[in-house]
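Presented below is the structure to which this report refers.
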């Protein structure tokens, strides 16, 4: 059965709908046409196809009257019978279902802390979060640069204060200059 058969069955079902026939009658007619086209070589085959089509039409006609095995065991009750058969649910034993609220809150708090700690630890893994790791490195470098700038500013402020007070003898200025130079060298070594 090719595409032409499905087209002919859909067009014949449309024609049958216009004539007021049921879909079961249309299916029987289509099956007869298909059977006739399959067995058109001999008169005996055509008779067999007719018998098959007749059996199919009888089966389709009686199908709504038969009861399926699944529905055979279903019993229909009226509303009053259902209400009379209903009984309340048994009460649960409170001793068997007691839950300690403090344990629940403890598990909740420990779980939340664990999730938070795991997330913080995972953020530090460069393989998982490269953008966050790069941002953390940039923040660390900027923090170090800010501390170094603050140290230099404090040292230059100390020199200015010493100069302003009139203690600008050579030994104090030399000592402050050496301290600034040494701090700069240490900072450059730490950055490497």
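Values quoted throughout were computed directly from the atomic coordinates according to the rules given, and no laboratory measurement underlies them. The shown structure was predicted, so the numbers you read here are calculated from the model rather than taken from an experiment. Reconstructed Cβ throughout: ideal geometry from the backbone, glycine too, with neighbour counts over all protein chains shown.
Structure notes:
- Net length gained if the chain between residue 135 and residue 116 were fully extended (0.36 nm per residue, minus Cα distance): 4.9 nm
- Distance (nanometres) between label positions extended 7 Å along Cα→Cβ at residue 147 and residue 74: 7.7 nm
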